[in-house]
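Inspection log for the structure reproduced underneath, given as structure tokens.
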Amino acid sequence: MTTKTFRLLRPRLAIGIGAAALCLAILPLRQSSAAAGVHPGPMSRAEAFARAETLAALGRKIFFDPSLSASGLQACASCHDPAHAFGSASAMPVEMGGDQMDRPGLRAVPTLRYLQAVPSFSEHFYDSEDEGDESVDNGPTGGLTWDGRVDHGADQAKIPLLSPFEMGNKDAAEVAAKLRRAPYAGDIKTAFGETVFDNPEDSFDAAVESLATFEQSGPDFYPYSSRYDAFLAGKATLSAQELRGRQLFEDPAKGNCSSCHLSEPANDGEPPQFSDFGFLGLAAPRNMAIPANADSSYHDLGLCGPQRTDFAGHSEYCGLFRTPTLRNVVLKKSFFHNGYFHSLRDVVSFYATRYSDPGRWYPKNPDGTIRKYDDLPQAYWANLNQDPPFGRKPGDSPVLTDPEIDDIVAFLGTLTDADLLPEADLH
Ligand code: HEC
Ligand code: HEC
């Protein structure tokens, strides 16, 4: 893959980073799913910008509208709370949804901030932005959701609108009927044409395209306003503990966190996303608080299914999930794809001691042996990542001491965007 193709695939920030700007790159390149006939022809840059602003304003209304759910109670924002970086406000590992709000989900709610940098899914990803060699195959990378099964925000938005355990509509027509009654129905007509409600698929596509455009608006979704961003720009300092945490986070022999959660600006100066969007297997313990896990034959194996279906049978992909960004991570109350962990300190401790002290994380069998990697059938254990901080043997000393774990947690606290800090309420 050449650098050029890569740039086409990756929706980079077209306008000034952090500025009150919308990512225009997505508009011409990524509207594949949109309905034919409801789009204007070629646009000038100014027209494209104005259209992006119109769609983002409409998308914002749709995002907060609970009347679009079968229950009438659930909007996108119910699970993706803006005050929590568009992640979950609750500590439940999975949210309830459906027409009676009694159907539990299968996975923890991810943040919607910083998704603008997620590349389209690729099984063989060659990164020209890395300090590494462009010819290195980084393996499966990118795509939206924990298993990367969709590329475009518009296609993603169809999932919760139609999922029986999320917003619970039975088809596009049901969503279209609700859109037609919405207070912003006139805005949809203005943006997509008078005939947009003639065909339910057109109005459904208009809604999901508007949602996707809203999710690409810089001030809401990628402000890069954390203290760490200010520090990188030479405009803020970090405490001694935060600096130690940063060093441990980046040290290949210690945390080695930044090998996946990139922490330095890219070659073009773009601030770090704290993810390389690669797929890895970490063996999070099975979370019995997820009702689906009561069935011992059910396993969420991420990239190989069952929610993603195109890699069913690809055993080498079982147990792999997309690396999440760590920006705003302190605002989360449940961590990892299955929401098993509820404190950041536990997450970092798990990294430090999964190998050296597995009994701390996994349950015991009646005979006292440890049920290691209890959410991943043994046939797939070879897929687990073995690099530092993993790869030690039971009984080895942990790769990070308790004070070092505290240092890393302190560093993660510098990644919160300014508008989400508690003191932001005061301004
Ligand atoms: C009932 C809770 C719930 C509702 C309502 C909901 N989501 Fe989500 N959202 C989730 C969960 C859980 C995931 C992870 C799904 C997965 O990995 O399969 C997710 C994933 C996403 C992602 C991908 C994030 C990533 O890291 O790749 C986007 C984008 C998104 N949701 C947008 C929306 C939009 C837009 C709506 C409204 C149309 C919406 N969501 C409604 C729970 C919800
Ligand atoms: C080999 C790549 C890799 C390395 C190294 C790595 N991570 Fe992760 N990280 C991931 C992946 C993949 C996930 C998601 C795993 C899952 O949900 O099953 C994750 C999840 C997380 C989460 C949960 C985020 C959320 O939104 O739920 C935190 C916090 C985290 N990592 C911190 C760290 C820290 C701190 C280190 C270093 C001690 C580290 N990671 C090292 C790949 C990595």
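The values are calculated or read from the model by the stated rules, or taken from the named source; none is laboratory data. Predicted model only: the values in this text are computed from it and were never measured. Positions of Cβ are generated from backbone atoms using ideal geometry, with glycine treated the same way; all protein chains shown enter the neighbour counts. Please note that ligands, DNA and RNA were not included when accessible areas were found on the heavy atoms of the full protein model with its side chains. Shrake-Rupley method; radii C 1.70, N 1.55, O 1.52, S 1.80 Å.
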Residue in the range 359-379 that is most open to solvent (accessible area, probe 1.4 Å), counting only those that are among the small types (Gly, Ala, Ser) and not in a loop (DSSP other than H, G, I, E, B):
ALA379
If you check ARG227, ARG180, which single one turns out to be open to solvent by 60 Å² or more (accessible area, probe 1.4 Å), charged (D, E, K, R) and under 30 Å from GLY413 (Cβ atoms)?
ARG227
In the set ALA289, ALA253, the lone residue that is farther than 24 Å from GLN156 by Cβ and within 16 Å of ligand 1 (Cβ to nearest atom) is ALA289
Which one of these does THR195 not meet: (1) open to solvent by less than 30 Å² (accessible area, probe 1.4 Å); (2) farther than 30 Å from ARG345 by Cβ; (3) more than 16 Å from ligand 1 (Cβ to nearest atom)?
(1)
Go through (1) in contact (Cβ under 8 Å) with a residue 40 or more places away in the chain; (2) surrounded by 23 or more Cβ atoms within 10 Å (Cβ to Cβ) one by one and return the number of the condition PHE121 breaks.
(1)
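So that you can scan it fast, the table gives a plain yes or no per residue for (1) part of a loop (DSSP other than H, G, I, E, B); (2) open to solvent by less than 20 Å² (accessible area, probe 1.4 Å):
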residue	(1), (2)
GLU264	yes, no
PRO271	yes, no
SER275	yes, yes
LEU280	no, no
ASN287	yes, yes
GLN307	yes, no
Check ASP187, ASP155 and return the single one that is part of a helix (DSSP H, G or I), within 13 Å of ligand 1 (Cβ to nearest atom) and on the phi < 0 side of the Ramachandran plot.
ASP155
Filter the range 158-174 for residues that are out of contact with any Asp or Glu (no Cβ under 6 Å at 6 or more places or on another chain) and in a helix (DSSP H, G or I); which is nearest to VAL208 (Cα to Cα)?
LYS158
With more than 23 Å from TYR340 (Cβ to Cβ), outside the structural domain of ASN287 (by TED's automatic domain parsing) and within 16 Å of ligand 2 (Cβ to nearest atom) as the only criterion, which of ASP81, ASP99, ASP137 stands out?
ASP137
For the range 324-358, what are the residues that are within 16 Å of ligand 1 (Cβ to nearest atom), closer than 22 Å to LEU420 by Cα and in a loop (DSSP other than H, G, I, E, B)?
PRO324, THR325, LEU326, ARG327, ASN328, LYS332, LYS333, SER334, PHE336, GLY339
Just checking, which of ALA240, ALA230 is of a type in the set (A, V, I, L, M), closer than 27 Å to PRO271 by Cα and under 26 Å from the mean Cα position of the chain (by Cα)?
ALA230
Have a look at ALA191, ALA176 and point out the one that is among the aliphatic types (A, V, I, L, M) and in contact (Cβ under 8 Å) with a residue 60 or more places away in the chain.
ALA191
Given (1) open to solvent by 20 Å² or more (accessible area, probe 1.4 Å); (2) in a helix (DSSP H, G or I); (3) among the small types (Gly, Ala, Ser), index of the condition GLY245 fails:
(1)
Please go through (1) under 26 Å from ALA91 (Cα atoms); (2) open to solvent by 30 Å² or more (accessible area, probe 1.4 Å); (3) assigned to a helix (DSSP H, G or I) for ALA382 and return the number of the only condition it doesn't satisfy.
(1)
Residues of the range 141-152 being near ligand 1 (Cβ under 9 Å from one of its atoms) and either β-branched (Val, Ile, Thr) or surrounded by fewer than 18 Cβ atoms within 10 Å (Cβ to Cβ) (or both), which ones?
THR145, VAL150
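Among the candidates PRO110, PRO160, single out the residue that is buried (at least 21 other Cβ atoms within 10 Å of the Cβ), modelled with pLDDT of 95 or more and either farther than 25 Å from LEU301 by Cβ or within 16 Å of ligand 2 (Cβ to nearest atom) (or both).
Of PRO110, PRO160, the one residue that is buried (at least 21 other Cβ atoms within 10 Å of the Cβ), modelled with pLDDT of 95 or more and either farther than 25 Å from LEU301 by Cβ or within 16 Å of ligand 2 (Cβ to nearest atom) (or both) is PRO110.
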Which of the residues that make up the range 65-87 are more than 24 Å from ARG181 (Cα to Cα), of a type outside the set (A, V, I, L, M) and open to solvent by less than 20 Å² (accessible area, probe 1.4 Å)?
PHE86, GLY87
What is the one condition in (1) open to solvent by 30 Å² or more (accessible area, probe 1.4 Å); (2) modelled with pLDDT under 95; (3) in contact with a His (Cβ under 9 Å, 6 or more places away or on another chain) that SER135 does not satisfy?
(3)
So which residues in the range 309-322 are touching a helix residue (DSSP H, G or I) at 6+ places or on another chain (Cβ under 7 Å) and either among the hydrophobic types (A, V, I, L, M, F, W, C) or open to solvent by less than 20 Å² (accessible area, probe 1.4 Å) (or both), if there are any at all?
PHE311, CYS318, GLY319, LEU320
In the range 88-105, which residues are within 28 Å of GLY278 (Cβ to Cβ) and open to solvent by less than 40 Å² (accessible area, probe 1.4 Å)?
SER88, PRO93, VAL94, GLU95, GLY105
